[in-house]
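The values are calculated or read from the model by the stated rules, or taken from the named source; none is laboratory data. Note that the structure is predicted; figures quoted are calculated from it, not measured. Every residue, glycine as well, gets a Cβ built from its backbone with ideal geometry; the counts of neighbours run over all protein chains shown. For accessibility, only protein heavy atoms count, side chains too; no ligands or nucleic acids. Shrake-Rupley method; radii C 1.70, N 1.55, O 1.52, S 1.80 Å.
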Amino acid sequence: MSYIDRAREKAQALIQKGHAVILSVESSCDETAIAIVKDGRSVLSGEIASQVDTHALYGGVVPEIASRMHVEALDPLLNRALEKAGMTFEDIDAVAVTYGPGLVGALLTGVSWAKALAYALDKPLVGVNHIEGHVSANFVAHPDLEPPFVCLVASGGHSHIVRVDEYGSYSLIGKTTDDAAGEAFDKVARVLEIPYPGGPLLDKLAETGDDTAYKFPKIKTEGKYDFSFSGLKTAVVNQAHTLKQKGETIDAANWAASFRKAVVDALVDKTLMAAKDTGTKTVALAGGVASNMRLRRDLTEKGKKMGMSIYMPPPSLCTDNAVMIGSAAFYRLMKGEIMDLDLNAQPSIRLIENK
């Protein structure tokens, strides 16, 4: 019997039980992570090896370095994850891994490692979309959260409003037509000479500034629920260059606060409008930008005023981690969606195809 036939049999047995302990791997960019998650909701262990200090030397992520560091980190993280969970390989029911989107070399490192482990242990292999992982972080943080709900996914590469119709099933409501929110934060951070990682540091700086000090153009789009940050970013960058050429000093804290307000206003207002128009009373937040302090505050305050229930993961589950991958994998596994050993990295895969 082939590996995939044995994996299918084991997956069916797990589906009948309705329970599974999943060892999950995340290596899509510059964080190496391994976690052990039970039934998609309970975290038994979660380990992360950060590469931030290394990439900070170059002002951004260097893909080749990221891949090499993933190779070095995976085995030690595995040992730590098993030890902290008090488990052995015999206690693991399935292996899950992020296979896209992300940096192709980084993804390949995790995918190859996970396939080898799944084959050696003779366990089912589950491939997970990185963005679905971010959405699923909410299931870990909030045991009471169930679909359907509207979710704003905001990260360095994505700014989407989706409706989570059921576990693993999504409808696209709105999307960015150009730059993502996180990308815009990073680019403006460079103008302010904020070091890598720019977005999170800009957020901290903005907390000390006056968000009314500078006036930036309001974001306009053709799509009612779509985003566009390229024009805003360009206007902010050009205005900064003009002031510098005139010899005028830019107050970095006020500049950061004013720009952050413009971005967050668009994200929050369009997300809540989408929820209201679709008759949804439950709204969630996901992605790396979900740790932005103003975004968290404004979505919570404005959402509650509209009578909506607002959910978001703690900041520790907003950045790339394997816990969220283990959660998403559980619901895929319960549908019998497992992968064969020909699973490959797909750096440009979408959460919702043909959109």
Would you check if there is a residue in region 296-317 being surrounded by 21 or more Cβ atoms within 10 Å (Cβ to Cβ), within 21 Å of the chain's Cα centre (by Cα) and at pLDDT below 95?
no
Heads up, the helices (runs of 4 or more DSSP H) in region 1-97 (entirely inside) with at least 3 residues that are touching a strand residue (DSSP E or B) at 6+ places or on another chain (Cβ under 8 Å) and either open to solvent by less than 10 Å² (accessible area, probe 1.4 Å) or farther than 21 Å from Ser155 by Cβ (or both) are 3-17, 63-85
Selection from region 325-355 of residues that are open to solvent by 20 Å² or more (accessible area, probe 1.4 Å) and among the aliphatic types (A, V, I, L, M):
Met334, Ile338, Met339, Leu341, Ile349, Leu351, Ile352
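Yes/no matrix, rows are residues, columns are (1) acidic (Asp, Glu); (2) surrounded by 15 or more Cβ atoms within 10 Å (Cβ to Cβ):
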position	(1), (2)
Thr176	no, yes
Ala184	no, yes
Gly198	no, yes
Asp203	yes, yes
Asp210	yes, no
Asp226	yes, yes
Ala235	no, no
Lys244	no, no
Looking at region 270-308 only, could you name the residues that are outside any loop (DSSP other than H, G, I, E, B) and among the small types (Gly, Ala, Ser)?
Ala274, Ala275, Ala284, Ala286, Gly288, Ala290, Ser291, Gly303
Trp255 passes all but one of the listed conditions (1) aromatic (Phe, Trp, Tyr); (2) within 24 Å of the chain's Cα centre (by Cα); (3) not in a loop (DSSP other than H, G, I, E, B); the exception is number (2)
Taking the condition surrounded by fewer than 20 Cβ atoms within 10 Å (Cβ to Cβ), under 15 Å from Ser159 (Cβ atoms) and more than 19 Å from the chain's Cα centre (by Cα), does Asp265 pass?
yes
Report yes if some residue within region 156-172 is among the aliphatic types (A, V, I, L, M), part of a helix (DSSP H, G or I) and open to solvent by less than 50 Å² (accessible area, probe 1.4 Å); otherwise report no.
no
Across region 309-331, what is the number of residues that are part of a loop (DSSP other than H, G, I, E, B), hydrophobic (A, V, I, L, M, F, W, C) and closer than 24 Å to Ala20 by Cα?
2
Applying the selection to region 297-355, what residues are aliphatic (A, V, I, L, M), out of contact with any Pro (no Cβ under 6 Å at 6 or more places or on another chain) and farther than 25 Å from Val264 by Cβ?
Ala322, Val323, Ile325, Ala328, Ala329, Leu333, Met334, Met339, Leu341, Leu343, Ala345
Asn344 in a loop (DSSP other than H, G, I, E, B), more than 17 Å from Val164 (Cα to Cα) and in contact with a strand residue (DSSP E or B) (Cβ under 6 Å, 6 or more places away or on another chain)
no
Suppose we filter region 158-189 for residues that are over 24 Å from Pro148 (Cβ atoms), touching a residue at least 60 places away in the same chain (Cβ under 8 Å) and of a type in the set (Lys, Arg); how many remain?
0
Looking at Glu193, is it at pLDDT 95 or above, part of a loop (DSSP other than H, G, I, E, B), open to solvent by 40 Å² or more (accessible area, probe 1.4 Å) and among the acidic types (Asp, Glu)?
no
Has region 146-155 got any residue that is open to solvent by 20 Å² or more (accessible area, probe 1.4 Å), at pLDDT below 95, closer than 30 Å to Ala345 by Cβ and within 18 Å of the chain's Cα centre (by Cα)?
no
